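**Student:** One structure follows; several queries about it will come next.
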């Protein structure tokens with residue numbers, strides 16, 4: 001009985017937190033099919049969410065990106081094909097289509113020079129998590145930020161959003177993707193050995209030491225970390241299509257109403 005009550009409360013809570021709020025505006029000028037056309041297997045799609053839980057995540061991370069999905073389809077897939085692995089409150093880890101985010105601002109982060117073998121391992125690992133439940137460990141803490149945003153120094157905000165209990169059947173969007181990339185030893189924001197770094201800076205090219213890197217635990221990653229990572233390219237579909245600013249046609253006689 002207790003489990004059924006907890007499940008009912010969880011479902012009501014998920015519905016409340018994931019409800020879209022009014023006033024959101026998509027700024028991108030390219031169609032969702034245009035975005036789908038440039039996606040490659042292994043790309044990360046960051047989403048500027050428009051829900052209550054997104055507000056809390058964006059506040060704590062000081063970033064526009066509150067959600068992340070992993071593209072596991074094939075290049076050229078339609079936006080209607082279920083080719084994104086994501087974890088959300090209602091459905092846990094599941095496949096969705098890019099068209100779900102037709103009205104959202106998006107960013108594509110692409111791992112650099114990923115081998116075909118590692119690409120396949122990445123997709124296989126991510127898909128092995130399908131059916132796992134969303135980790136609700138810190139969701140109640142996030143609700144607190146919806147009621148009143150406390151003054152929290154920036155250096156502490158990452159620790160406060162270290163979502164995820166680490167249980168093998170639990171996940172959130174960014175930890176799921178971070179764990180998938182760590183499974184193939186692909187870096188996101190690794191820590192560097194400080195002593196080696198200092199030695200190299202004081203005597204560049206003379207000590208011959210190879211810098212050592214350390215993984216952050218996958219539960220400590222947030223959506224914005226893929227944007228900040230020096231190991232992912234930011235893909236702009238408009239530029240890939242051969243953008244020429246001289247070809248833009250500007251409306252004469254004033255600015256748009258939403259300016």
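The values are calculated or read from the model by the stated rules, or taken from the named source; none is laboratory data. Quantities reported herein were computed from a predicted structural model and do not represent experimental measurements. Reconstructed Cβ throughout: ideal geometry from the backbone, glycine too, with neighbour counts over all protein chains shown.
**Student:** Quick check: is even one residue across the stretch 64-74 surrounded by 17 or more Cβ atoms within 10 Å (Cβ to Cβ), free of Cβ contacts under 8 Å to residues at least 40 places away in the same chain and not in a strand (DSSP E or B)?
**Tutor:** Yes, there is a match, as at least one residue in the stretch 64-74 is surrounded by 17 or more Cβ atoms within 10 Å (Cβ to Cβ), free of Cβ contacts under 8 Å to residues at least 40 places away in the same chain and not in a strand (DSSP E or B).
**Student:** Is the stretch 37-53 home to any residue that is under 30 Å from residue 184 (Cβ atoms), in contact with a helix residue (DSSP H, G or I) (Cβ under 9 Å, 6 or more places away or on another chain) and loosely packed, with under 14 Cβ neighbours inside 10 Å? Quick ask: steps written out before the conclusion?
**Tutor:** Step one: list which residues in the stretch 37-53 are under 30 Å from residue 184 (Cβ atoms), which gives 37-49, 53.
Restricting the remaining residues to those that are in contact with a helix residue (DSSP H, G or I) (Cβ under 9 Å, 6 or more places away or on another chain) gives 37-42, 44-49, 53.
Next, only the ones that are loosely packed, with under 14 Cβ neighbours inside 10 Å stay: none.
There is no residue in the stretch 37-53 that is under 30 Å from residue 184 (Cβ atoms), in contact with a helix residue (DSSP H, G or I) (Cβ under 9 Å, 6 or more places away or on another chain) and loosely packed, with under 14 Cβ neighbours inside 10 Å.
**Student:** Name the residue, out of 128, 104, 83, that is modelled with pLDDT of 95 or more and within 27 Å of residue 15 (Cβ to Cβ).
**Tutor:** Details: 128 fails: within 27 Å of residue 15 (Cβ to Cβ); 104 fails: modelled with pLDDT of 95 or more.
Within the list 128, 104, 83, the selection yields 83.
**Student:** Of the residues in the stretch 85-96, how many are buried (at least 18 other Cβ atoms within 10 Å of the Cβ) and in contact with a helix residue (DSSP H, G or I) (Cβ under 9 Å, 6 or more places away or on another chain)? Spell out the reasoning first.
**Tutor:** If we filter the stretch 85-96 for residues that are buried (at least 18 other Cβ atoms within 10 Å of the Cβ), which is where we start, we get 85-89, 92-93.
Applying the additional criterion that residues be in contact with a helix residue (DSSP H, G or I) (Cβ under 9 Å, 6 or more places away or on another chain) yields 85-89, 93.
Count: 6.
**Student:** Are there any strands (runs of 3 or more DSSP E) wholly within the stretch 80-127 with 3 or more residues that are closer than 14 Å to residue 43 by Cα, and if so which? Please lay out each step first, then the result.
**Tutor:** Numbers: elements: 82-88, 92-97, 106-111.
Those strands (runs of 3 or more DSSP E) span 82-88, 106-111.
**Student:** Next question. Please go through the stretch 206-218 and give me each residue that is loosely packed, with under 10 Cβ neighbours inside 10 Å and modelled with pLDDT under 85, ordered by number. Write out each step before concluding.
**Tutor:** Filtering the stretch 206-218 down to residues loosely packed, with under 10 Cβ neighbours inside 10 Å leaves 206, 208, 210, 214.
Answer for the stretch 206-218, where residues must be loosely packed, with under 10 Cβ neighbours inside 10 Å and modelled with pLDDT under 85: 206, 208, 210.
**Student:** Also, quick follow-up: Counting only residues that are at pLDDT below 85 and assigned to a helix (DSSP H, G or I), which one in the stretch 219-259 is nearest to residue 172 (Cα to Cα)?
**Tutor:** Among those residues, the one meeting the criterion is 219.
**Student:** Now for a separate question. Looking at the stretch 173-198, I want the residues that are on the phi > 0 side of the Ramachandran plot and exposed (fewer than 15 other Cβ atoms within 10 Å of the Cβ) and have a partner that is in a loop (DSSP other than H, G, I, E, B) and at pLDDT below 90 with Cβ atoms under 9 Å, at least 6 apart or on another chain. Which pairs are those?
**Tutor:** 185/215
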